[in-house]
Amino acid sequence: MFESAMEALSIVLDPSRMLFMCLGIGLGIIVGLLPGLGGTVGMSLMLPFIFGMDPFVGIALLIGMVAVIHTGDTFPSILIGVPGSAGSQATIMDGFPLAKKGEASRAMGAALFCSMIGGIIGGIVLFLAIPIAAPLITSFTSPVLFMLTMLGLSMAGLLAGDSPAKGALSGLLGLLIGAIGSAPAVTEYRYTFNSLYLSDGLSLPVVALAIFAFPILITMLIQKGSIAKTTHLQGGVLKGIGDALKNKFLVVRSAILGSLVGFIPGLGGSVVDWLAYGAGKKTVKNNQFGEGDIRGVIAPESANNAKEGGSLIPTLLFGIPGSGTTAILLGGLILMGLEAGPKMLTSELPVTLSIVWTLVIANIIGALLCMILIKPIAKLSLIPGEKLVPFLAVLLVIGAYQSNFSWGDLITLIAIGLLGYIMTILDWPRPPLLIGFVLAVSAERYYWISIERYGWEWLGQPVVITIGIIIVILLTGGAIMKKISISLQREGV
Amino acid sequence: MTVRKMYTLTLLLILTLFLAGCQSLVLISPNQTSKGEVDYQDTLLTMVVPYQSGGGTDVFARFMTKPLSNHIKNQPSIQVENVPGGGSITGTNKYVNSYSKDGTNLVTTSASTHIPYLLKQSSVQYNLDELTPLVGAPTGGVVYGSPDLKIGSGFELKQVKEDLFFAGMSPTGLDLTTLISFEVLEIDAKAVLGYEGRGPARVAFEQGESNIDFQTTTAYKHNIAPKVENGEAIPLYSLGQIDENGEVVRDPQFPDIPTVKEVYEEIHGVEPSGRVWETYKHFLNATYTLQKVIWVHKSAPESAKNELKEAVNKLVEDDQFKED
Amino acid sequence: MTKQTLNVIFTTCLFITFTWAAVSALAFSRLAQFFPLYVSIIGSIVSGIYLATEIFKLVKQKEKVEQSRVLILKPLIYTCWVAGYIGIIYLAGLFLATAIYLVAFLLIESKFSLFKAVYSTGIALVIMTVVSNLLKIAWPQGLIGI
């Protein structure tokens, strides 16, 4: 294994392949940077070119692109509070407040450094998981997947803010929005008002842009100021890297969490950043998450790059894509004459290993490239809102249109955007809505399959009970802790 | 009405299926020589794919563009245009409604485009009768079971004591044909629906969540055939192929696996017949034999259609292409 | 309008939505029904309870403290800008609409001089066209087909 890994490294480091990897990295950073464009767009863009390509060259191009999307998408999340892709929403929670304080460079430095480390850890996890992947994946039966979905949903509770009722309603609304479209187990359309656009359900990039980006545009216009409230930018990139190093355990923890969640087939990696953010909020002491705590940037950024490594495992070994990006990657592999499946571990092992190396190398190059860009791009946060917003609005509209190339995308953008704005001014938490939206289909699917297949017996499975206990602790533990701290505070007064 | 449509499809197929056999591509258009000449010089052909890029149909379409273009005079480039949405209905509707019918626009559809048409879903605005099929790629399917069933082949299906569980997506498309085959054989398998695709359904089989499953030709050869060798899966029967007489025959890809028909004959001693059997054949046709089809507007200029047909004829006969 | 009143109105809307969703879910087939039905019933109950407590608070607190007020008109105007932009795209296509929208917005809202507005719009349009061509980004088409 080690020998073949070295062999694969020499294949990857071949100059012509490195050139293609750099091409992929450049593209990945650009599509990550532009709100609304993500891995899916980048992949479909390259698909026509890889037809019949040498697999190693094609892999360098495709994986190089995928690896750095969550490096590039950090910029808009931190600087303007607009998610660069669906995987970097949680970064907004603390990254944007930091930019407001004029510490955009520091946040960017920490974020990029964590992206790099996270990506490398993701690559290592992919490498280590290769021999044990098959039995691991088959251990996720439908009841287990259902309980994991529930665990993800209860994470929404952690992000609910002050009012549990608002948080719960926000999550429920997300689940309901997620139920729009065709039901998973039967071809029946729900809440579609006979519109063909709604029959596929709403797409995540549009909802994410609407719920996070639209409100911030309106807010910026009303406040008529630049994002950074101070006139000069303080705190440099190095300070951010220092912050990341100080929190090395958080980085490693979040990265491992990220790659594990990516690894679980059928859960979808889109909530990874929120899970890492929630877990960080829960475990970091004395935190001020949500008000510009650098650790609130470190946790999701370490996780979202690590996710890619994990999510390649079910894709390559079982041909089960975990996201739109990996779905297209599967198609790309076929076009290059490769077929995902157990063969990727035997006769095609060099390809798999070259994917691991490409992930690691691309993450390093991508992060370094982005660090050079920090200084010029960070100045964006000094531009007054009314001068920046009209251009962002154009970007937002074009970005949203890329999901389905449909007018429905634009109407959804405005409708959900208004909902998001009202929630902002009334202090309703928006993350639960998004988590609910993403997990709705999995929740429905695995609940139904569990009941149909096992009756009520599945509730007795040991794994199911264990996850159930974790959920209860997560939900009540927070409430109890809060009560204790409040009563302590009162006593203190 | 629906039945009539099914017959149209079947007839269309039977008429032109003489090229079927061990080939991976079936020529659907009649072999006529063109008289009018059409000039595709400097024109750009568009291939509409009503799916997101990267899916099975998209990959098929992209595979076809290069060789197809090579066989058209002046070798015009063919660009693939993805129009996703509505489970392929949006894109196909758009093709018939807003793409110009001058023979420069083609569309690739798959089973999930044909089924809503057969079932007369209200959102369908296309009529397959108004499209001319150029070329199609058939696929096959094999039903296999877990060794826990303690049987050696499909002929012993009636002796299974265990409860049968089948993992599927939804009662349409490819799953539907398998479900009807259960009905033909009167197998009492509980269909657990809602899986994300054939891939996750295969994982469910490996987990023991289901114990009877099917996969299409490529997926079976890649993922299940090794399992069969290790004794982790047992092939039960193949869904078969429809021959020129409209009969179900052995799949040339799986000459050693009996078809549904043979299994039925073995169990019941008579040939299958009746409504369920007829329905089975229709769906086998619509979902497998016509799994992926490239069409052009029927009202396109004759000369353009002929040129395209001729290109496809040459393509199917091209030995080099067959090897791919 | 005060924040609290708006909150009550918003919660009422949510309550109506959840209840409506629950009622319409009754018409779905069994396989498609259970999930939206569960979610909307729970949502309807939670929003009902929350609404009741909020109204109760509102009534009790009457004329007591100065409430923080929320802006209605301004956000609406800005939303109309975006909606209007999309509307012009529908009529005139992306390129023309972006030109009109950017110049108008920069002149009226950002108080740019005419020259500066046209100049920045021009640059934006060039960047937009070049990047779109490089990345093959699809543009929404207008009625007149540009």
Checked against (1) within 14 Å of chain B (Cβ to nearest Cβ); (2) modelled with pLDDT under 80, A:Arg190 satisfies every condition except (2)
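The rows are residues; the columns are (1) in contact with a helix residue (DSSP H, G or I) (Cβ under 6 Å, 6 or more places away or on another chain); (2) at the interface with another protein chain (Cβ under 8 Å from one of its Cβ atoms); (3) more than 18 Å from A:Leu196 (Cα to Cα); (4) free of Cβ contacts under 8 Å to residues at least 24 places away in the same chain.
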{"site": "A:Lys375", "(1), (2), (3), (4)": "no, no, yes, no"}
{"site": "A:Leu380", "(1), (2), (3), (4)": "yes, no, yes, no"}
{"site": "A:Gly385", "(1), (2), (3), (4)": "yes, no, yes, no"}
{"site": "A:Leu388", "(1), (2), (3), (4)": "no, no, yes, no"}
{"site": "A:Ala393", "(1), (2), (3), (4)": "yes, yes, yes, no"}
{"site": "A:Ile398", "(1), (2), (3), (4)": "no, yes, yes, no"}
{"site": "A:Ser403", "(1), (2), (3), (4)": "yes, no, no, no"}
{"site": "A:Ser406", "(1), (2), (3), (4)": "yes, yes, no, no"}
{"site": "A:Ile414", "(1), (2), (3), (4)": "yes, yes, yes, no"}
Inside segment C:1-57, the number of residues satisfying the requirement of being of a type in the set (A, V, I, L, M) and touching a Ser or Thr at 6+ places or on another chain (Cβ under 7 Å) is 5
So the helices (runs of 4 or more DSSP H) completely within segment B:165-251 holding 1 or more residues that are at pLDDT 90 or above and either of a type in the set (Ser, Thr, Tyr) or in contact with a Leu (Cβ under 8 Å, 6 or more places away or on another chain) (or both) are B:173-185
Among B:Gln241, B:Gln159, B:Gln207, the single one that is under 16 Å from the mean Cα position of the chain (by Cα) and not small (Gly, Ala, Ser) is B:Gln241
For segment A:131-154 the number of residues that are free of Cβ contacts under 8 Å to residues at least 12 places away in the same chain, in a helix (DSSP H, G or I) and among the hydroxyl-bearing types (Ser, Thr, Tyr) is 1
Expected single match for more than 9 Å from chain A (Cβ to nearest Cβ) and modelled with pLDDT under 90 among C:Val65, C:Val126, C:Val70 is C:Val65
Item checked: Yes/no for A:Thr71 being touching a Pro at 6+ places or on another chain (Cβ under 7 Å) and either in contact (Cβ under 8 Å) with a residue 60 or more places away in the chain or not in a helix (DSSP H, G or I) (or both) -> no
Filtering segment C:19-40 down to residues that are assigned to a helix (DSSP H, G or I), facing chain A (nearest Cβ under 9 Å) and among the small types (Gly, Ala, Ser) yields C:Ala21, C:Ser24, C:Ala25, C:Ala32, C:Ser40
When segment A:332-347 is checked residue by residue, the ones that are surrounded by fewer than 24 Cβ atoms within 10 Å (Cβ to Cβ), touching a residue at least 40 places away in the same chain (Cβ under 8 Å) and either among the charged types (D, E, K, R) or within 10 Å of another protein chain (Cβ to nearest Cβ) (or both) are A:Leu335, A:Gly337, A:Pro342
When segment B:66-90 is checked residue by residue, the ones that are of a type in the set (S, T, N, Q) and over 30 Å from A:Ser195 (Cβ atoms) are B:Ser69, B:Asn70, B:Asn74, B:Gln75, B:Ser77
Picked from segment B:255-281 (must be crowded, with 22+ Cβ neighbours inside 10 Å and of a type in the set (A, V, I, L, M)), the residue nearest to B:Tyr117 (Cα to Cα) is B:Val260
Scanning segment A:100-130 residue by residue, the ones that are in a helix (DSSP H, G or I) and out of contact with any helix residue (DSSP H, G or I) (no Cβ under 6 Å at 6 or more places or on another chain) total 3
In the set B:Gly199, B:Gly136, the lone residue that is on the phi < 0 side of the Ramachandran plot and in contact (Cβ under 8 Å) with a residue 24 or more places away in the chain is B:Gly136
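Out of the residues in segment A:318-330 that are of a type in the set (Gly, Ala, Ser) and crowded, with 24+ Cβ neighbours inside 10 Å, which is nearest to the other protein chains (Cβ to nearest Cβ)?
Top of the filtered list is A:Gly319.
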Checking C:Ile89, C:Ile16, C:Ile49 in turn, the sole residue that is facing chain A (nearest Cβ under 10 Å) and under 26 Å from the mean Cα position of the chain (by Cα) turns out to be C:Ile89
So, first residue farther than 21 Å from A:Tyr446 by Cβ and within 14 Å of another protein chain (Cβ to nearest Cβ) in segment B:164-188, second residue among the aromatic types (Phe, Trp, Tyr) and in a helix (DSSP H, G or I), Cβ within less than 8 Å, six or more apart or across chains; the pairs are B:Leu174/B:Tyr288; B:Leu176/B:Phe283
Checked segment A:32-64 for anything within 14 Å of chain B (Cβ to nearest Cβ), assigned to a helix (DSSP H, G or I) and either in contact with a Gly (Cβ under 8 Å, 6 or more places away or on another chain) or without any contact (Cβ under 8 Å) to a residue 12 or more places away in the chain (or both); matches are A:Gly39, A:Thr40, A:Gly42, A:Met43, A:Ser44, A:Met46, A:Leu47, A:Pro48, A:Ile50, A:Gly58, A:Leu62
Scanning segment B:93-138 for residues that are within 13 Å of chain A (Cβ to nearest Cβ), in contact with a Gly (Cβ under 9 Å, 6 or more places away or on another chain) and polar (S, T, N, Q), the one farthest from B:Thr57 (Cα to Cα) turns out to be B:Ser123
Of the candidates B:Leu284, B:Leu290, the one satisfying the condition of being closer than 21 Å to B:His114 by Cα and either modelled with pLDDT of 85 or more or touching a Ser or Thr at 6+ places or on another chain (Cβ under 8 Å) (or both) is B:Leu284
Going through (1) closer than 30 Å to A:Pro314 by Cα; (2) in the same structural domain as B:Thr113 (by TED's automatic domain parsing) one by one, B:Gln215 fails only at (2)
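From B:Gly145, B:Gly194, grab the single residue that is in contact (Cβ under 8 Å) with a residue 12 or more places away in the chain, touching a helix residue (DSSP H, G or I) at 6+ places or on another chain (Cβ under 9 Å) and on the phi < 0 side of the Ramachandran plot.
B:Gly145
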Is it the case that segment B:274-288 has a residue that's in a helix (DSSP H, G or I) and more than 19 Å from the chain's Cα centre (by Cα)?
yes
Picked from segment A:416-457 (must be outside any helix (DSSP H, G or I) and over 16 Å from C:Phe10 (Cβ atoms)), the residue farthest from the other protein chains (Cβ to nearest Cβ) is A:Trp456
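The values are calculated or read from the model by the stated rules, or taken from the named source; none is laboratory data. Owing to the predicted nature of the structure, the values given are computational and were not obtained by experimental measurement. In this analysis, Cβ positions are derived from the backbone assuming ideal geometry, glycine residues included, and neighbour counts consider all displayed protein chains.
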